[in-house]
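Engineer: Just dropping this structure here.
Nothing in this text is a laboratory measurement; each read-out follows from the coordinates by a stated rule. Treat the numbers as computed from the prediction; the structure is a model and nothing was measured. Using ideal geometry, Cβ is built from the backbone for each residue, glycine included, and neighbour counts are taken over all protein chains shown.
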Amino acid sequence: MTETAPGAQEFVPSGPPDLDELRAAAAGCQGCHLYQDATQTVFGRGDAGAKLVFVGEQPGDQEDRQGLPFVGPAGHLLRRAVDEAGLPVEHLYITNAVKHFKFKQSGPGKRRIHQSPDRIEITACRPWLVAEFAALRPDVVVVLGATAAKALLGPSFRVTQSRGTVLPWPESAQRPQDFPVEPAKLVATIHPSAVLRADDRQTAYSGLVADLKVAAAALAA
Ligand code: URA
Ligand code: SF4
C-alpha cells in the first residue's frame, strides 16, 4: 500500500468557493486510489444556505450507486433522529469525510463489503470537506463517528469521551484564503450505522438523539 496520496487539493477549484463548481470538479478527483474501484464521487448534498452541516464517513454501497450521500439505512435512521431532535431536516447539508466508497468484494455474489478509510485517504480527501465549509459557512457542524472526527479533530479525538458537547472549531478546518469567517460550533456523536449495529439499539438511538439536541441548542443560540 502506498504511504501517501497526492490528495484532492490540486482538483479543488481556486477562487471563491461555490458548491456546484466544487461538486462538478470533485466528479473528476483522482486525489487517492479510491476513485478507481468506486462507481462515482459522492459529494455532499442539501440546502446551499444551510447553517447546519452533517459529516459522515464515506458513501456506502447504495450511495455509491446513486451518487448521493446517506440514501441507505443509516440515512433513514439519521433523518428520523434529526427530526426527533427538532433539527430542520429541510435546511441542512450532509456530506462525508471521504467521497468515494471503499470496499472489498467477497463471497459467491461478490458482495461489496464496506472498509473504513485510513488516515491517508481521509487526509487526501479533506480539501473537499474544507472547501464545502468555506462555501457554506455553517453555524453548527455535526461530526458523525470516528472517521469524520479524525478528519476534523485529529487522530487522538475520542467520540465516546467527547460526544454531545459543543467543541471549538478546529483552525485546520478553515482555509487561510477564506478568513475571516465566523468559526462554527462543532458537536460530535456516534455514526448512525453504529446505532444499527448496537446490541441495545434503543439506548444507542436515544444517545444519538440526545447529542443532536445539543446541536439544536447550539444552532438556536
Ligand atoms: N454512511 C456514511 O457515513 N455516509 C453515507 O453517505 C452513508 C452511510
Ligand atoms: Fe478524491 Fe476523495 Fe475520491 Fe480520493 S476519495 S479520489 S481524494 S474524492
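Engineer: Which value in deg cm²/dmol, rounded to the nearest 500, describes the helix-derived mean residue ellipticity at 222 nm for the chain, given -39,500 (n - 2.57) per DSSP H run of n ≥ 4 and division by the residue count?
Structural biologist: Counting only the DSSP helices, I get -11000 deg cm²/dmol.
Engineer: Turning to a different aspect of this structure: What's the center-to-center distance, using Cα atoms, between the range 40-54 and the range 140-216 in Å?
Structural biologist: About 16 Å separates the Cα centre of the range 40-54 from the one of the range 140-216.
Engineer: Taking the DSSP beta bridges in the chain as the whole, what percent of them are antiparallel, to the nearest 5?
Structural biologist: Of those bridges, close to 35 percent are antiparallel.
Engineer: Calculate the spin-label point distance for ASP83 paired with ARG175, positioning each point 7 Å from the Cα along the beta-carbon direction, and give it in nanometres.
Structural biologist: Taking the simple label geometry, ARG175 and ASP83 are separated by 3.5 nm.
Engineer: As a footprinting exposure proxy, order GLU63, GLU182 by other Cβ within 10 Å, with the fewest listed first.
Structural biologist: The fewest-first ordering by Cβ neighbours comes to GLU182, GLU63.
Engineer: Count the net charge of all other residues whose Cβ sits under 14 Å from the Cβ of GLU132, scoring Lys and Arg as +1 and Asp and Glu as -1.
Structural biologist: Charge balance near GLU132 sits at +2.
Engineer: With r defined as the distance between the Cβ atoms of HIS33 and ARG197 and R0 fixed at 25 Å, what FRET efficiency is calculated, to the nearest 0.05?
Structural biologist: With R0 = 25 Å, the Cβ-Cβ based efficiency is 0.40.
Engineer: Could I ask something else about it? Net charge within 11 Å of PRO13 by Cβ-Cβ distance, Lys/Arg positive one each and Asp/Glu negative one each, not counting PRO13 itself?
Structural biologist: Net of charged neighbours comes to -3.
Engineer: Compute the length gained on full extension between GLN115 and GLU21: take 0.36 nm times their separation in residues and subtract their Cα-Cα distance, giving the result in nm to one decimal.
Structural biologist: 31.0 nm
Engineer: Next up: Using only Cα atoms, what is the ratio of the radius of gyration of the range 43-99 to 2.2 N^0.38 Å?
Structural biologist: Ratio of Rg to 2.2 N^0.38 Å for the range 43-99: 1.06.
Engineer: How big is the charge dipole of the range 9-220 about its Cα centre, in debye rounded to the nearest 20, if each Lys and Arg gets +1 on its Cβ and each Asp and Glu gets -1 on its Cβ?
Structural biologist: 600
Engineer: Additional query: In Å and from the alpha-carbon atoms only, list the Rg and Dmax of the chain.
Structural biologist: Gyration radius and largest Cα-Cα distance of the chain: 16.5, 54 Å.
Engineer: Now for a different question. In whole Hz, with x marking every Gly and Pro, tabulate ³J(HN,Hα) for the range 191-201 from phi via Karplus 6.51 cos²θ - 1.76 cosθ + 1.60, θ = phi - 60°.
Structural biologist: 6, x, 5, 5, 5, 5, 8, 5, 5, 9, 4
Engineer: Within the set of other residues whose C-beta is less than 10 Å from the C-beta of ASP61, count the net charge using Lys and Arg as +1 and Asp and Glu as -1.
Structural biologist: Taking every Cβ under 10 Å from that of ASP61, the sum is +1.
Engineer: Only residues of the range 26-45 count here: report those whose backbone N is under 16 Å from the spot 7 Å along Cα→Cβ of GLN9, or say none.
Structural biologist: 30-32
Engineer: Also, I was wondering about something else. Once the dipole of the range 9-220 is set up with Lys and Arg at +1 and Asp and Glu at -1 on Cβ about the Cα centre, which of ALA204, ALA131, PRO108 lies farthest towards its positive end?
Structural biologist: Result: PRO108.
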